[in-house]
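S.K.: Take a look at this one; I'll ask things after.
The values are calculated or read from the model by the stated rules, or taken from the named source; none is laboratory data. For clarity, every value in this text was computed on a predicted model and none was experimentally measured. Cβ: placed from backbone, ideal geometry, glycine included. Neighbour counts: every protein chain shown. SASA here: full protein model, heavy atoms, side chains in, ligands and nucleic acids out. Shrake-Rupley method; radii C 1.70, N 1.55, O 1.52, S 1.80 Å.
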Amino acid sequence: MAKYSAVGSQTLTSSRATALTVASNATTAQRCKFYEVWFANLTPADLVTQNLVERITAVGTSTGVTPRPLDIGDRAAQASAGSNHTGEPTYVSNSSIITIPLNHRGTFRWVAYPGGEIVTPATANYGVGLNALHASATSDWTAGAMWEE
């Protein structure tokens, strides 16, 4: 299986702000196994934001991101990725896989134990969204993911 990475960014507002989505594309559906995600705030402050990894069923409106293969000899990724969402993806109700309250001066990295990856079904536009919530902060933040397909 080939491995890929993608990074996205977004400006945090008072409602959900998605920095990165990675989903099975509409023409060649495939399963993705996410084994690493990370979050970081680009505007350090003494605030805490709730960062989430959640399942999505539609990707929303975003700027396309080209997933990068970790081995340059691998094929292009079949998954599609998006950043800087102007229209939020459709999140599955009660689907939070990872929820991390994170101080804006810190970074967070989650790495799956072998066999503990986040796996998505081979269904068009189904995947994960990395988003954050804060009641009043307005700052820039970034999120990234690594997966195999």
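S.K.: If we scan segment 85-95, do we find a residue that is hydroxyl-bearing (Ser, Thr, Tyr), free of Cβ contacts under 8 Å to residues at least 60 places away in the same chain and either closer than 14 Å to Gly8 by Cβ or surrounded by fewer than 12 Cβ atoms within 10 Å (Cβ to Cβ) (or both)?
M.R.: Checked segment 85-95: at least one residue is hydroxyl-bearing (Ser, Thr, Tyr), free of Cβ contacts under 8 Å to residues at least 60 places away in the same chain and either closer than 14 Å to Gly8 by Cβ or surrounded by fewer than 12 Cβ atoms within 10 Å (Cβ to Cβ) (or both).
S.K.: With the structure loaded, tell me whether Trp147 is part of a strand (DSSP E or B) and within 30 Å of Asp46 (Cβ to Cβ) or whether it fails that test.
M.R.: Against the criterion (part of a strand (DSSP E or B) and within 30 Å of Asp46 (Cβ to Cβ)), Trp147 does not qualify.
S.K.: Within segment 53-73, can you find the residues that are among the charged types (D, E, K, R) and open to solvent by 70 Å² or more (accessible area, probe 1.4 Å)?
M.R.: Within segment 53-73, Arg68, Asp71 qualify.
S.K.: Could you pull out the residue among Asp71, Asp46 that is at pLDDT 95 or above, of a type outside the set (A, V, I, L, M) and outside any strand (DSSP E or B)?
M.R.: Unique residue meeting the criteria: Asp71.
S.K.: Scan segment 104-145 for residues that are in contact with a Ser or Thr (Cβ under 8 Å, 6 or more places away or on another chain) and farther than 18 Å from Ile56 by Cα and jot them down.
M.R.: His104, His134, Ala135, Ser136, Ala137, Thr138, Ser139, Asp140, Trp141, Thr142 - these are the residues of segment 104-145 that are in contact with a Ser or Thr (Cβ under 8 Å, 6 or more places away or on another chain) and farther than 18 Å from Ile56 by Cα.
S.K.: List the number of the failed condition for Gly144; all other conditions in (1) touching a Pro at 6+ places or on another chain (Cβ under 9 Å); (2) at pLDDT 95 or above hold.
M.R.: All conditions are met except number (1).
S.K.: Looking at segment 97-121, which of its residues are among the polar types (S, T, N, Q), over 19 Å from Asp46 (Cβ atoms) and surrounded by fewer than 13 Cβ atoms within 10 Å (Cβ to Cβ)?
M.R.: Thr99
S.K.: Continuing with the same structure: For the condition open to solvent by 70 Å² or more (accessible area, probe 1.4 Å) and either of a type in the set (Gly, Ala, Ser) or touching a Ser or Thr at 6+ places or on another chain (Cβ under 7 Å) (or both), what is the one hit in Ser14, Ser9?
M.R.: Criteria check complete, one pass: Ser14.
S.K.: Within segment 122-142, take every residue that is crowded, with 24+ Cβ neighbours inside 10 Å and among the aliphatic types (A, V, I, L, M) and give me the one that is nearest to Tyr35 (Cα to Cα).
M.R.: Within segment 122-142, the match that is nearest to Tyr35 (Cα to Cα) is Val128.
S.K.: Next question, about the same structure. Do you know which residues across segment 17-50 are open to solvent by 50 Å² or more (accessible area, probe 1.4 Å) and hydroxyl-bearing (Ser, Thr, Tyr)?
M.R.: Thr27, Thr28, Thr43
S.K.: Provide a single number: the residues in segment 77-130 that are part of a strand (DSSP E or B) and closer than 15 Å to Ser24 by Cβ.
M.R.: Number satisfying all stated conditions: 10.
S.K.: Please enumerate the residues belonging to segment 1-54 that are among the charged types (D, E, K, R) and within 21 Å of Thr107 (Cα to Cα).
M.R.: Those that are among the charged types (D, E, K, R) and within 21 Å of Thr107 (Cα to Cα): Arg16, Glu36, Asp46, Glu54.
S.K.: Report, by residue number, each residue of segment 1-40 that is modelled with pLDDT under 90, within 16 Å of Leu102 (Cα to Cα) and either in a strand (DSSP E or B) or among the hydrophobic types (A, V, I, L, M, F, W, C) (or both).
M.R.: Within segment 1-40, just Leu12 meets the criteria.
S.K.: A further question follows. Looking only at segment 74-83, count how many residues are open to solvent by 70 Å² or more (accessible area, probe 1.4 Å) and not aliphatic (A, V, I, L, M).
M.R.: 1
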